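A.B. asks: Sharing a structure here in structure tokens format.
We did not get these values from a lab; they are worked out from the coordinates using the rules stated. What you see is a predicted model, and the numbers here were worked out from it, not measured in a lab. When we count neighbours, we look across all protein chains shown, and the Cβ atoms used for this are built from the backbone with ideal geometry, even at glycine.
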Amino acid sequence: MGKKEKVKEQNSLLKKEIDNEKVKLVVLYLLAFFVPAIILIAVFIYLKIYPFGDNTYMPADAYGQYVNYLQYFRDIFVKGNSIFYSLSKSIGGEMYGLFAYYLMSPYNFITLLFQKGNVTFAFDIILILKMASAGVTFTYYLNRRKKADFKNLFFAMMYVFSAYVLTYGFNIMWLDSIILFPLVIAGLDDLLESKKIGLYIVSLTLTLITNYYMGFMVCLFCIIYVIYKLILGKLNPKKELLKKIGLFIFISIISALIASVILVPALKGLMSGRADFSFQNFNLNANFELKEILAKLFTNSFEIEEIKNESLPPLYVGILANILVILYFLNSKIKLKEKIASLSVMLVFIISFYFNGINTLWTMGNVPAWYRFRYAFMFNFMYILFAKKRI
């Protein structure tokens, strides 16, 4: 066999390997979407949730508010309702602030496929699609730049079926941030490691647009994450350090400016009466006994009190994750500096959960009415990431 034939054969084998890897990646992402979707549909069948029975999955605010908001969203396109003002609000009032907080998700267009009376069914479909989408984005974060690794599905399921999603997830306007958060962190890694800004600016802008409230919390965590990467030494060489931090600040500001078409009117609405910002909200009162938080890593059981203000943060992501995190910190091959940095991130969250005033900082200075620990999904993300590093 001549030299040209050998080169041709090698190129053919390489192309075949690349094609096989693309197929594996497609299968991996399809599984990341359909596995949680099928599990949720099976749960709905078991619980006889409509259309499999007469029950609905709309606890608390989902039943009292969100379905009505989705019906209004549908009527904007079907009946020409205004997104700026509505007479259906008591004696009438502005709608843009409400629209910016509750209705900016593109998943809401699913309501256009249903009659107004069937929006409750659309709510269930939106919930399923959002949780399935979160499985895809988390899998992407773990698997990007690597060959298809089907073990990542287990970690994606930890993220999708975490205590946070199961107890807070019916607040469907927050789920877009759960979907986009892995992309934001992936984009931030790109920015810090190779100065690529595309994924970060797009994902952060979408996070701010789809729900500015959760987007604010994500922005706070991005600062923590940059410090975490700095401690790990991931921003070397040092002469590039200031440039990368400057780029992070600049691109974050650009994202906020792009999203300002949503943020500015929403902020105006908040200042006109929705916000209850006060320095009296800042105190160092304890939200719970510190020893109680450990239990939330080991159980997903909860009562209705768990989502009220007398509650503990929803931290459970699975017993397997707990075992792997313990092994991660006991692993002698992992540098002490990394262990300290990882533990520090966890402690930042625990301190935030524990002290009422610090917890309030995460929620834009407002005291939450129920669902006190709305940023806990980011703790879950990092906790699963530490567990994954042990594999």
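A.B. asks: Find the centroid of the Cα atoms in segment 145-218 and in segment 372-391, then give the distance between the two in whole Å.
C.D. replies: 12
A.B. asks: Please order F282, F181, F381 by the number of other Cβ within 10 Å, starting at the fewest.
C.D. replies: Lowest to highest Cβ neighbour count: F282, F381, F181.
A.B. asks: Using the Karplus curve 6.51 cos²θ - 1.76 cosθ + 1.60 with θ = phi - 60°, work out ³J(HN,Hα) for each residue of segment 323-331 in order, rounded to whole Hz, and write x for Gly and Pro.
C.D. replies: So the Karplus estimates, Gly and Pro as x, are 4, 5, 5, 4, 5, 4, 6, 8, 6 Hz.
A.B. asks: Among V202, V325, V27, V160, what is the fewest-to-most ranking by other Cβ atoms within 10 Å? Before the final figure, lay out the partial values.
C.D. replies: Details: V202 16, V325 22, V27 12, V160 27.
Least to most surrounded, the residues fall as V27, V202, V325, V160.
A.B. asks: According to a simple spin-label model (label point 7 Å from Cα along Cα-to-Cβ), what is the distance in nm between K339 and M364?
C.D. replies: 4.1
A.B. asks: Continuing with this model, one more query. Residue by residue through segment 104-113, what is 3J(HN,Hα) from phi via Karplus (6.51 cos²θ - 1.76 cosθ + 1.60, θ = phi - 60°)? Round to whole Hz and write x for glycine and proline.
C.D. replies: 3J(HN,Hα) across segment 104-113, in whole Hz: 7, 6, x, 5, 5, 5, 4, 4, 5, 7.
A.B. asks: Another question, if that's okay. Taking amide hydrogens as modeled 1.01 Å from N in the peptide plane, which residues meet the under 5 Å criterion relative to Y375, leaving out close sequence neighbours?
C.D. replies: none
A.B. asks: When you take every Cα atom in segment 37-388, what is the radius of gyration, and what is Dmax, the widest Cα pair distance, in Å?
C.D. replies: Every Cα atom of segment 37-388 included, Rg and Dmax give 20.6, 66 Å.
A.B. asks: Multiplying the sequence separation of K48 and I231 by 0.36 nm and subtracting their Cα-Cα distance, what value in nm do you get? Write out the running numbers ahead of the final one.
C.D. replies: On the way: separation 183, 0.36 × 183 = 65.88 nm, distance 5.02 nm.
Gain in length upon complete extension: 60.9 nm.
A.B. asks: For F329 paired with E292, estimate the spin-label separation in nm (one decimal), with each label point 7 Å from Cα along the Cα-to-Cβ line.
C.D. replies: Computed distance between label sites F329 and E292 equals 2.2 nm.
A.B. asks: Another question about this same structure. Chymotrypsin sites (Phe, Trp or Tyr not before Pro) within segment 87-170: which are DSSP loop residues with at most 14 other Cβ atoms inside 10 Å? Present the calculation step by step, with values, prior to reporting the outcome.
C.D. replies: Numbers: sites: Y96, F99, Y101, Y102, Y107, F109, F114, F121, F123, F138, Y140, Y141, F150, F154, F155, Y159, F161, Y164, Y168, F170; in loops: F114, F150, F161, F170.
Listed in order of number, the matching sites are F150.
A.B. asks: Can you sort V348, V218 by how many other beta carbons sit within 10 Å, fewest first? Spell out each step's value before the answer.
C.D. replies: Working: V348 17, V218 22.
Least to most surrounded, the residues fall as V348, V218.
A.B. asks: Under the Karplus relation 6.51 cos²θ - 1.76 cosθ + 1.60, θ = phi - 60°, what is the ordered set of whole-Hz ³J(HN,Hα) values for segment 340-355, x standing for Gly and Pro?
C.D. replies: Going residue by residue, I get 5, 4, 5, 5, 5, 4, 4, 5, 4, 5, 4, 5, 5, 5, 6, 8 Hz, with x marking Gly and Pro.
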